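Take a look at the structure below.
The values are calculated or read from the model by the stated rules, or taken from the named source; none is laboratory data. Here the structure is a predicted model, which is why all the values come from computation and not from measurement. Virtual Cβ from ideal backbone geometry, glycine too; neighbours counted across all protein chains shown. Quick note on the areas: whole protein, heavy atoms, side chains included, nothing else; ligands and nucleic acids left out. Shrake-Rupley method; radii C 1.70, N 1.55, O 1.52, S 1.80 Å.
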Amino acid sequence: MTETKPKTFRRPGIIRPPSEWRSYFLPLTAGCSNNTCTFCGYYGSKLEMRDPEEARNEIDAVALFLRRGIRLSAVPDVVYAVAQGWDGKRVFLQDGDALVYPFPRLVDVLVYLNEKLPHVERVGAYATPQDILRRSVAELQELRRLKLGILYTGLETGDDERLEKVGKGVSSDQLIEAGRKVKDAGIPFSVTVILGLGGVERSKEHVAGTARVLTAIDPDYAGALTLTLVPGTPLYDEWQRGEFSPLSPLQSLQELKAMMENSDFTDCFFSSMHASNYLSVRGRLPQDRAKMLSQVERVLASGDPSLLRPEHLRGL
Ligand code: SF4
């Protein structure tokens, strides 16, 4: 009988929300469980789960390094490269949706993390709406007790037709249900939406649906990204075949303005600071709405492209 070698976990590259730049990046998964979004670089990626023992070993290595400066030869250099400048306060669980990690294993890793690195103040992770819907509020509360202090979810759009077409795998009502669950569990919630995802054809529906979902969820943080067509993704191919008409930069600013006007928040930090956007605005909604809108309106009224981030400086 031939012995099958255990598969080694492939450590993913670091993709993280901008606000996690100071975090230690601890991979639990690689890829994304919902790999069907036609605009996303994770499209077609294969989900891999890390053995919890391997994650615990990494936590041990980091704890030893922080306490005594000792580096173990068996531990990959990247662990020490990340741990070196780390302030010990925040941990970001990789990858595309670490909340898909089976619940008992996630609890096990978080308990261990709290024990070995007690000074960690907040753990964050990406989560798909499906991952959230799979968990009960009580389970999410348990994760919060173990310092899961923020979840990041891509809503992308609230337009049901577009959600289906881009392979998001959930309806706008399910996005709302997932968002409310996170809020009911008391976990700060950060969401992103994608300007231009409806193209020219569905811009109106995209704005109206997204504002409805944002209002119903009332997240703590909302970020607007601007659609970037990534070669190798189905949406890029649709565009190449003339089946998708992207917005112009100024049309995407119109969407940004309309979303800020039509979303009702209690107190949300709203930003378009992400590198994919043509214009960066940030502030609290509703408090700063007038100021933020006037920044966008000024650029729209001028129609001056030099006031926008140049195409070559836009990033994913
Ligand atoms: S769920 Fe998020 S990370 Fe996964 S493929 Fe869709 S957009 Fe990409």
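Descriptive notes on the structure:
- Helix-only mean residue ellipticity at 222 nm for the chain, each DSSP H run of n ≥ 4 adding -39500 (n - 2.57), per residue, nearest 500: -12000 deg cm²/dmol
- Annotation: amide H-H contacts under 5 Å for residue 197 (H modelled 1.01 Å from N, sequence separation of 5 or more, or interchain): 227.
- Accessible-area rank, largest first, for 274, 312: 312, 274, with all protein chains present and a 1.4 angstrom probe.
- For the range 19-302, relative contact order (Cα pairs under 8 Å, six or more residues apart, normalised by length) works out to 15 percent.
- Semi-axes of the equivalent ellipsoid for the chain, computed as √(5λ) from the eigenvalues of its C-alpha gyration tensor and ordered from largest down, come to 35, 22, 20 Å.
- The dipole here belongs to the chain: it is taken about the Cα centre, uses +1 on the Cβ of Lys and Arg and -1 on the Cβ of Asp and Glu, and is about 900 debye.
- Positive contributions from Lys and Arg (+1) and negative ones from Asp and Glu (-1), summed over other residues with Cβ under 10 Å from the Cβ of residue 30, come out at +2.
- For the residue pairs 183/204; 168/291; 116/147; 89/116; 147/181, the C-alpha atoms sit more than 24 angstrom apart in 183/204; 168/291.
- Backbone HN-Hα couplings from phi across the range 42-59 [Karplus 6.51/-1.76/1.60, Hz, Gly and Pro as x]: 7, 3, x, 5, 9, 6, 10, 9, 7, 5, x, 5, 5, 5, 5, 4, 5, 4
- Separation of the range 4-79 and the range 188-228, taken as the distance between their Cα centroids, equals 29 angstrom.
- Residue-count net charge about residue 128 - beta-carbon cut-off 9 Å; Lys, Arg +1, Asp, Glu -1: -1
- Highest-fluctuation residue, 64, 28, 195 considered, GNM on the chain with Cα pairs under 10 Å: 64
- Applying a 4.7 Å Cβ-Cβ cutoff to the chain, the cysteines left without a disulfide-compatible partner are 32, 268.
- When Rg and the Kirkwood Rh are both derived from Cα coordinates, the Rg/Rh ratio for the range 27-101 amounts to 1.06.
- For a paramagnetic label modelled on residue 306 (point 7 Å from Cα along Cα→Cβ), amide N atoms under 19 Å away belong, within the range 248-272, to 249-250.
- Sequence-ordered 3J(HN,Hα) estimates for the range 180-193 from the Karplus curve with 6.51, -1.76 and 1.60 and θ = phi - 60° stand at 5, 4, 4, 5, 4, 7, x, 9, x, 10, 10, 10, 10, 10 Hz, glycine and proline given as x.
- Residue-wise HN-Hα couplings along the range 235-242, as the Karplus relation 6.51 cos²θ - 1.76 cosθ + 1.60 with θ = phi - 60° gives them from phi, are 5, 4, 5, 4, 4, 4, 7, x Hz; Gly and Pro carry x.
- Secondary structure note: in the chain, about 20% of the DSSP beta bridges are antiparallel.
- Sites matching chymotrypsin sites (Phe, Trp or Tyr not before Pro) across the range 1-73 that sit in DSSP coil, with at most 13 neighbouring C-beta atoms within 10 Å: 21
- Net charge over other residues, Cβ less than 13 angstrom from the Cβ of residue 98 (K, R count +1; D, E count -1): -1
- Extension gain from residue 240 to residue 267, taking 0.36 nm per residue of separation minus the Cα-Cα distance: 5.7 nm
- Taking all protein chains together and rolling a 1.4 Å probe, residue 248 ends up with roughly 50 Å² accessible.
- Relative to the longest principal axis of the Cα atoms of the chain, helix 203-217 runs at roughly 50 degrees.
- Counting only Cβ charges, +1 for Lys and Arg and -1 for Asp and Glu, the dipole size of the range 71-194 around its Cα centre is about 460 debye.
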